[in-house]
Amino acid sequence: MAPPKKPFAQLGPTARYLRRNPDARATKQVTDTKVNRRPEQVQKRVEANGARRRAKALGMQITGRDASHQKDGSIKFEDSAKNRGRRGEGNR
């Protein structure tokens, strides 16, 4: 079951816009679906999921952390907020 929606006042500017404009939200959903189906994006997710699985098997504490792809091709775990908040990098 999905978590409850945040109150409108707690949303960021993009989330507010998308909540007010259902057509824009639908367009974004279509775009996101296309992006996430790209073979390179699927491969990136597969690598991140595998790294996470291996780290859990080794007993690492990875709660609240993302498997972040580095420029040299390696993967390291970093805070989710840092990884997802890096604007303009990785064409996000």
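General observations
- Counting only helices (runs of 4 or more DSSP H) that sit wholly inside segment 20-89, not one has at least 1 residues that are among the acidic types (Asp, Glu), on the phi > 0 side of the Ramachandran plot and at pLDDT below 95.
- Among residues of segment 1-19, those that are in a helix (DSSP H, G or I) and loosely packed, with under 10 Cβ neighbours inside 10 Å, counted: 3
The values are calculated or read from the model by the stated rules, or taken from the named source; none is laboratory data. All values derive from a computational prediction rather than experimental measurement. Here Cβ is always computed from backbone atoms with ideal geometry, including for glycine, and neighbour counts include all displayed protein chains.
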